[in-house]
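What follows is a set of notes on a single structure, which appears directly below.
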Amino acid sequence: MTVTRRTRGAAFMAAGLAVGGYFLVFGLYVEQGDDRIWGVLNWIMAVAAVPLAFGAHAVGQALPADADAWERLPAIARTHGSQIALPMLLIAWLFIFVRLAQGDGGAIPFEWIVVNTGFAILTVNAGLRLWREPGPKG
């Protein structure tokens, strides 16, 4: 079980670092990134957002009933953040087609700034949690 957790953790961290790193370098500092790379990263984000939401929900449900607020608050934030990430990704993806139809290829839309930043933070956090979490005893 430890190997599969660490593999999933490494995959989440790789996806988050790829999206966050590419967004920072080519989204904010360089005029235009490569649309083919964003096409691949968008699919990676869409695939990773589903297990991210289910995993965050499972971690939140696994908290003991007597957990204090400082243990519950990060779990609640991860759960709601990851459950919002997938619909926001799909909405931002839809806006790409709307903007292309209008001929607007200018600055980075605000929804992509929110999606890329939030996705990078959530996936790296989930990956680190999976990487560090001890396996089941026995």
Here is a check on your reading of the model: is ARG99 in contact with a Gly (Cβ under 8 Å, 6 or more places away or on another chain), surrounded by fewer than 14 Cβ atoms within 10 Å (Cβ to Cβ) and assigned to a helix (DSSP H, G or I)? yes
Quick check, is PHE23 at pLDDT below 90 and part of a helix (DSSP H, G or I)? yes
Among what's in the range 36-65 and is aromatic (Phe, Trp, Tyr) and closer than 20 Å to ALA92 by Cβ, pick the residue that is modelled with the highest pLDDT. TRP43
Anything in the range 50-83 that is among the hydrophobic types (A, V, I, L, M, F, W, C) and touching a residue at least 12 places away in the same chain (Cβ under 8 Å)? List them, or say none. VAL50, LEU52, ALA53, ALA56, VAL59, LEU63, ALA75, ILE76
If only one of TRP93, TRP131 is surrounded by 13 or more Cβ atoms within 10 Å (Cβ to Cβ) and at pLDDT below 85, which one is it? TRP93
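The values are calculated or read from the model by the stated rules, or taken from the named source; none is laboratory data. No experiment lies behind these values; they were computed from the predicted model shown. With ideal geometry, Cβ positions are generated from the backbone for all residues, glycine too; neighbour counts draw on all protein chains shown.
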